[in-house]
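The values are calculated or read from the model by the stated rules, or taken from the named source; none is laboratory data. Computed from a prediction, not measured in an experiment: that's the story for all the values here. When we count neighbours, we look across all protein chains shown, and the Cβ atoms used for this are built from the backbone with ideal geometry, even at glycine. Each accessible area value is taken on the protein alone, full model and side chains, heavy atoms only, with ligands, DNA and RNA left out. Shrake-Rupley method; radii C 1.70, N 1.55, O 1.52, S 1.80 Å.
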Amino acid sequence: DAGITQSPRYKITETGRQVTLMCHQTWSHSYMFWYRQDLGHGLRLIYYSAAADITDKGEVPDGYVVSRSKTENFPLTLESATRSQTSVYFCASSDRDSSYEQYFGPGTRLTVT
Amino acid sequence: DAKTTQPPSMDCAEGRAANLPCNHSTISGNEYVYWYRQIHSQGPQYIIHGLKNNETNEMASLIITEDRKSSTLILPHATLRDTAVYYCIVRVARNTDKLIFGTGTRLQVFP
């Protein structure tokens, strides 16, 4: 089915481990985003990408790395996970043709022990 | 980006109209008002957006004051499934395309 998917949906990892969260969209949207959501903070932007090979930092980029080698994929990597990165992560995509509405994935719940 | 102010929570009876206010007194002339909602444990969902005219779609209506310093999202006949956190966001519809979420309004629809 067309849309935006995230994997895994749930992940438990240990402090110091590297973990990658995947995001895939089938609309060929130019723009993609990663947000994290924590109680009391709403959603905060981590990184975004305007096109393949173009990425930029959001509000809270420290501790995260992104890449965008293909338009449809936007993986988020935690190179050395910390407990403070325990959160729900949402990926989103948008494009000019959609009036810049952002379409969100179902989220990945990450727990760092 | 301009900031918004929303009440932290509201209640609404099922079948009645839910009117969710948002203040954005520092909005710039080229900034739009967007509304999203997030139902528990799901990703945010786009509802509606507007620049200065009132807008209506199948989900809701958006009323923007003439001075554009505030707006109201109206759900005309709220249902239990409309229970969610509603976010009002102002932004320029441009290439950087970022959404800055605040803490939103938690709408509870009761039977």
Subject >> Rounded to whole Hz, the Karplus (6.51, -1.76, 1.60) HN-Hα couplings of the range B:40-50, x for glycine and proline >> reply: 2, 6, 9, x, x, 10, 5, 10, 6, 8, x
**OP:** Mind listing, in residue-number order, the residues in the range A:40-62 that have at least 40 Å² less accessible area with every protein chain present than in their own chain alone (1.4 Å probe)?
**Re:** A:LEU43, A:TYR48
**OP:** Return the loop-located GluC sites (Glu not before Pro) in the range A:61-113 (DSSP other than H, G, I, E, B) with at most 15 other Cβ atoms within 10 Å of their own Cβ; answer none if there are none.
**Re:** A:GLU79
**OP:** Find, among the trypsin sites (Lys or Arg not before Pro) in the range A:17-113, those assigned to loop by DSSP (not H, G, I, E, B) with at most 11 other beta-carbon atoms within 10 angstrom.
**Re:** A:LYS70
Subject >> Global form of the protein assembly as shown, assessed from the alpha-carbon gyration tensor, a/c cut-off 1.5 >> reply: prolate
Original post:
Per residue, how much accessible area does the protein assembly as shown have with a 1.4 Å probe, in Å²?
Top reply: 50 Å²
Original post:
Where does the Debye-calculated log10 I(q)/I(0) of chain A sit at q = 0.16 Å⁻¹, using only Cα point scatterers of equal weight, no solvent?
Top reply: -0.66
**OP:** Hand me the trypsin sites (Lys or Arg not before Pro) from the range B:34-111 located in a DSSP loop with no more than 16 other Cβ atoms within 10 Å, in residue order please.
**Re:** B:LYS52, B:LYS69, B:ARG94
Original post:
Which Cys residues of chain B have no other Cys beta carbon under 4.7 Å away?
Top reply: B:CYS12
Subject >> Order of exposure, largest accessible area first, which applies to B:ILE48, B:ILE100 with probe 1.4 Å >> reply: B:ILE100, B:ILE48
**OP:** Rounded to whole Hz and in sequence order, give me ³J(HN,Hα) for the range B:20-37 from the Karplus expression 6.51 cos²θ - 1.76 cosθ + 1.60, θ = phi - 60°, writing x for Gly and Pro.
**Re:** 9, x, 8, 9, 9, 5, 9, 4, 8, x, 9, 9, 8, 9, 10, 10, 10, 9
**OP:** Work out the count of Lys pairs in the protein assembly as shown where the Cα-Cα distance is under 16 Å, with the pair 8 or more places apart or on different chains.
**Re:** 4
Original post:
Across the range A:78-95, in residue order, what do the Karplus-derived ³J(HN,Hα) couplings come to in whole Hz, using 6.51 cos²θ - 1.76 cosθ + 1.60 with θ = phi - 60° and x for Gly and Pro?
Top reply: 9, 6, 8, 4, 10, 4, 5, 8, 4, 5, 9, 10, 10, 9, 9, 9, 7, 7
